[in-house]
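Here is the structure we will look at, set down as structure tokens.
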Amino acid sequence: MNNKPYPNYSKLEVVHRHQEIIKIFESKSDSEIWLAFNASDEMAFNYLFRIYTPQLFKYGCQFQVGEEMVQDAIQNLFIYLRGKRGSLSPVASIKAYLFKSLQYELIKLIKKDKNKIMISSDELEANFPIEISIENSIIDSEEKQEQLINLNIAIKKLSSRQRQAILLLYEDGLSYKDIAEIMEFSEVKSARKLIYRALDALRVNMGIDKKKK
Amino acid sequence: MSDNKTYLNYKDYQLEDFLADEFFIEWVKTPNENNKHFWEKWLSEHPEKRQIVLKASQIIRSIQYSKRVDLSDSNYVRIFENVIRQTPSAEASFGSKTSRMRKWLFSFRQIAAVLIIGVSLWYFWSLGQKERVLPVEEITTSEIVQRTTPKGQKATFILEDGTKIFLNSNSQIRFPKKFEKESRQVTLKGEAFFEVAEEERPFIVQTADIEVEVLGTSFNVKESEEGLLSVALVTGKVRIDDQKGNRLMLAPNEMMVFDQFGEFRKTGFDPLEMTGWKDKKLVFNKNDILEVKYRLENWYGVEITIKGKFPNNWSYSGIYQDETLENVLLGLSRATDLTFSLKDKKVEIAYQ
């Protein structure tokens, strides 16, 4: 290749360049950014890559696959998207779209992996482990400490789908609509109900009574 | 937990209601001016809820991914370079589109089998829940009033409960002469600004695609010709339920825009630009010639023909308070390179 678009960029240069671009796109809506990307705007691509690659990596690693496979999936995803520029459909929530697409790419890689013939339900159940982080400030009383221990026990009883939905809601700050898209629910209502059920289970397992309203 | 619970006011919220509320979670995880303003105010008015709010926010904050991995800089750069170098040409990726789709579908079938049980359980569970029934049919006993404004005319009126409605031109509103005991409901086509009288019954604005429920006082609802629908909140609080079952909250100075596909986004808005019309202010803010034409036609009820080719970067900004069409056109022609002629209800605008 004679015309490498990005010849010998040093690590620092790439990271720095991307930080500059963030400032330009920060105030734009997802659909605007997506339109720019579809129109082959390289800055839009750089922005998407910069913002979402770390998040995609973190999210992908919650499926019990190796970190290298997640990196490959991210690479394949962006190669695919760049190749489709000009004919991409509008996207309202880039994060939800990318998370969902990363899942597809991961499944493709898992299928290619000769060692794995099928994903067992046990393996699926191990996805999305939750950790209860203990901030120093909030364990200032025994009661609160007990509450955290109870929460930990309660979390363990949730299904992986419930954990996934709760993590998407809390950790990734996604809306119910986005969660429904990522988790392949045709209706937002279903995502809402999955989470209500999980929270209800948490409440019961934490021994908090439902008060009469 | 029934479906009805989500219609409760925040003061009736229990722990799990807070835990499931998007607006509450947003405040805990990413506090910004809007959500802080609301929740701090709300908490000061409901000190008895402090304990439960604290507990809910602790739970939300403490739940995290247990695999906390970061992508190293060297891997980040490696992936970036590989993506740039390996981008296939447009034709190549287009050709493989179908096989790609097939693979996705195929691989998903295996997973679908595991999930289908879960999904159907939710479905049956949801059937058992009491759905909220809108009392539309019951209204037939009460008399319905319909108001329509043609292009070039606006209307203002006050409903029996004291709510004030500014109806923009080319719009229609329907409401019962006497509201029901449970709720106050109106149906809107076009654009209107509402100053809702505060009382216990919720005030609901129904459009073709969404339902806006008012928790506060003043807001603007607009269906544009291009199929965009916007709800802009000035004061108070509104809740929007769209056809897809999404529930969205708006805080003051926030606007929600829906496109014809039901996709939506939240933005801020310029109050003067959005709601100036109700005070007879015709506001242009960097509008292109087609937007100017559309606005003037609606505002004055005229027909406008555009002559000549306007440059792509042509735009116009200006504010007119209760002005005649001629004066607005004069203002336009002075600020930009255009000429106009005005005869009866027909206007011709030409670029020089």
Quiz item: more than 10 Å from chain A (Cβ to nearest Cβ), surrounded by 14 or more Cβ atoms within 10 Å (Cβ to Cβ) and within 26 Å of A:LYS189 (Cα to Cα), is that true of B:VAL28?
Solution: no
Quiz item: Which members of region B:62-89 meet the condition of being modelled with pLDDT under 85, facing chain A (nearest Cβ under 7 Å) and not in a helix (DSSP H, G or I)?
Solution: B:SER66, B:LYS67, B:VAL69, B:THR87, B:PRO88
Quiz prompt | Members of region A:78-107 that are touching a helix residue (DSSP H, G or I) at 6+ places or on another chain (Cβ under 6 Å), within 9 Å of chain B (Cβ to nearest Cβ) and assigned to a helix (DSSP H, G or I) | solution = A:PHE78, A:ILE79, A:GLY83, A:TYR104, A:ILE107
Exercise. Identify, from the list B:GLU40, B:GLU16, B:GLU33, the residue that is open to solvent by less than 50 Å² (accessible area, probe 1.4 Å) and not hydrophobic (A, V, I, L, M, F, W, C).
Key: B:GLU16
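Condition test on A:ILE117, is it modelled with pLDDT under 75, within 20 Å of A:ASN205 (Cβ to Cβ) and of a type in the set (A, V, I, L, M)?
So A:ILE117 fails the test.
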Quiz prompt | Residue selected from region A:11-40 under the condition closer than 20 Å to B:ILE79 by Cβ and modelled with pLDDT of 65 or more, by the criterion surrounded by the most Cβ atoms within 10 Å (Cβ to Cβ) | solution = A:PHE37
Quiz item: Looking at (1) touching an Asp or Glu at 6+ places or on another chain (Cβ under 9 Å); (2) surrounded by 20 or more Cβ atoms within 10 Å (Cβ to Cβ); (3) within 10 Å of A:TYR170 (Cα to Cα), can you tell me which one B:ILE59 breaks?
Solution: (1)
Self-check item: Count of region B:40-56 residues which are within 13 Å of B:LEU19 (Cβ to Cβ) and outside any helix (DSSP H, G or I)
Solution: 0
Quiz item: Quick check: is even one residue across region B:228-235 out of contact with any Gly (no Cβ under 9 Å at 6 or more places or on another chain) and modelled with pLDDT under 75?
Solution: yes
Exercise. Identify the residue in region A:49-60 that is among the hydrophobic types (A, V, I, L, M, F, W, C) and crowded, with 20+ Cβ neighbours inside 10 Å and, among all such residues, is nearest to the chain's Cα centre (by Cα).
Key: A:LEU56
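The values are calculated or read from the model by the stated rules, or taken from the named source; none is laboratory data. Note that this is a predicted model, so its numbers are computed, not measured. Cβ: placed from backbone, ideal geometry, glycine included. Neighbour counts: every protein chain shown. Surface areas here come from the heavy atoms of the whole protein model, side chains and all, with no ligands, DNA or RNA. Shrake-Rupley method; radii C 1.70, N 1.55, O 1.52, S 1.80 Å.
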